[in-house]
1. When ranked by the protection proxy of mean other Cβ atoms within 10 Å per residue, highest first, what sequence do the peptides 88-97, 140-149 form?
2. Decide, for the chain, between rounded, prolate and oblate: order the square roots of the alpha carbon gyration tensor eigenvalues as a ≥ b ≥ c, take rounded if a/c falls under 1.5, and otherwise choose prolate if a/b is larger than b/c, else oblate.
3. Where does the chain land at 222 nm, in deg cm²/dmol rounded to the nearest 500, when only DSSP H runs of n ≥ 4 count, each adding -39500 (n - 2.57), divided by all residues?
4. Cβ neighbours within 10 Å, averaged per peptide: list 119-126, 61-68, 76-83 in order, most packed at the top.
5. Report the gain in length on full extension from residue 32 to residue 14: 0.36 nm times residue separation, minus Cα-Cα distance, nm rounded to one decimal.
6. Among 19, 101, rank each residue by its count of other Cβ atoms within 10 Å, from fewest to most, as a rough exposure measure.
């Protein structure tokens, strides 16, 4: 933690463990690399566990006649995962606004600890009736802020 954060009394949250699994034969190509669609699928699953950490579940959202809409998503692939390898995803919020939250997933090779991919997303809560985004409740914003993290992805990670 930076000394400025300590002085200000701020504490960065721990990352939320949002996925653990193994790369199965049906998930990789002829070269034994995990298919890109599986990276996306794993990040999608991780999103639901991150939302669950702040009290949003598919059932609670449906009950409120709402949905979560991803309005921007950026992927960064840093290394290959191969069949049989173990994968872990850690997630957290980068920013929380009145009508949006920005979050990041970081995928690691669980055995080596190496960062292999990231997914940086912006999402809104939307009404199913109007189709338009709605403000996040103050309580939801506060819960999400408990999981504010700082991305540790090197700026030149994709260059090397």
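Each reported figure results from applying straightforward, stated rules to the coordinates on display, with no laboratory input. Note that this is a predicted model, so its numbers are computed, not measured. So basically every Cβ, Gly included, is an ideal-geometry build from the backbone, and we count neighbours across all protein chains shown.
1. Values: 88-97: 19.7, 140-149: 17.3.
Most protected by this proxy first, the peptides run 88-97, 140-149.
2. On the way: a/c = 2.16, a/b = 1.30, b/c = 1.66.
Note, shape of the chain comes out oblate.
3. Numbers: 4 runs with 38 residues, N = 160.
Taken over the chain, the calculation gives -7000 deg cm²/dmol.
4. On the way: 119-126: 19.4, 61-68: 13.1, 76-83: 15.9.
Result, highest mean first: 119-126, 76-83, 61-68.
5. Working: separation 18, 0.36 × 18 = 6.48 nm, distance 3.28 nm.
Full extension from residue 32 to residue 14 adds 3.2 nm.
6. On the way: 19 20, 101 25.
Ordered from fewest to most neighbouring Cβ atoms within 10 Å, 19, 101 come out as 19, 101.
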